[in-house]
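Worksheet: the structure to be examined is printed underneath.
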Amino acid sequence: MNLFYAPDLNPDDKLFVFDKNESRHISRVLRKNIGEIVWITNGKGGLFKTKIIDNNPNKTKVEIIDYQYYEKKSPKIHIAIAPTKSNDRMEWFLEKATEIGIDEITPLLTEHSERKKINTERYNRVLVAAMKQSLQYHLPRLNPLTSWKDFIIGVKEQQRLIAYCQSKEKISNLIRPKKDTILLIGPEGGFSESEFEQAVQRDFQPVLLSENRLRTETAGIVGLTTIKLNL
């Protein structure tokens, strides 16, 4: 099953026309013919079963023949993470986090951040590709690069965790099931003392992700997977 993404597709729509790139992929690469089925998601829980009525390589047109809505699984998992210096490593995290089933990602600008600018459009493309590849119908929310000061005052999740190498508490021991959860992952140099103290004051619990020293992107995946398995 090949899954396509059309964020503006609505349940009431009857027809849809793919853009030039997707049209060529359907007609030239996948060699789809008139009458064949194409599956589309809008990234908001919708799955559209469509039938090709015109396989023009520049404007492939499909008729929508069925629609199903898939409720987003709860509770929500949100990871706020300082982008890595290596863009490839950050994109690897985004891809794998999407495959595992993350709900929201906030790139954090901290005192020790190695990367102070991100390409949000490129990151979103990574999320879309991973969503399609893993056959999911909800696109994770990617927030803009957010300063620590703006981020820390706006946290809403009930369960708040911060990765801290010196913590005695393993993350798996502190997770409370059925609670929306946020996990903070710092840069390679870690959060500053001031940032850590502010987080604790905002009810973040320090947690140990591993006995080993982890890279930022690895810590994000270990934390996400542990939360996913214990919620």
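The residue that is nearest to Q198 (Cα to Cα), counting only those in segment 90-113 that are under 9 Å from the mean Cα position of the chain (by Cα), not in a helix (DSSP H, G or I) and not small (G, A, S), is I105. Take K49 and tell me if it is within 17 Å of K132 (Cβ to Cβ), under 29 Å from the mean Cα position of the chain (by Cα) and touching a residue at least 24 places away in the same chain (Cβ under 8 Å). Answer is no for this residue.
On the basis of being within 28 Å of E99 (Cα to Cα), at pLDDT 95 or above, over 24 Å from the mean Cα position of the chain (by Cα) and not assigned by TED's automatic domain parsing to the domain that holds N124, does T41 make the cut? So T41 does not fit the description; no. When you scan segment 47-64, do you find a residue that is surrounded by 19 or more Cβ atoms within 10 Å (Cβ to Cβ), on the phi < 0 side of the Ramachandran plot and acidic (D, E), even just one? Among the residues of segment 47-64, not one is surrounded by 19 or more Cβ atoms within 10 Å (Cβ to Cβ), on the phi < 0 side of the Ramachandran plot and acidic (D, E), which makes the answer no. Of all residues in segment 162-203, those being small (G, A, S) and either surrounded by fewer than 20 Cβ atoms within 10 Å (Cβ to Cβ) or not assigned by TED's automatic domain parsing to the domain that holds T106 (or both) number 6.
The values are calculated or read from the model by the stated rules, or taken from the named source; none is laboratory data. On a predicted model such as this, the values are computed, not experimentally measured, just so you know. With ideal geometry, Cβ positions are generated from the backbone for all residues, glycine too; neighbour counts draw on all protein chains shown.
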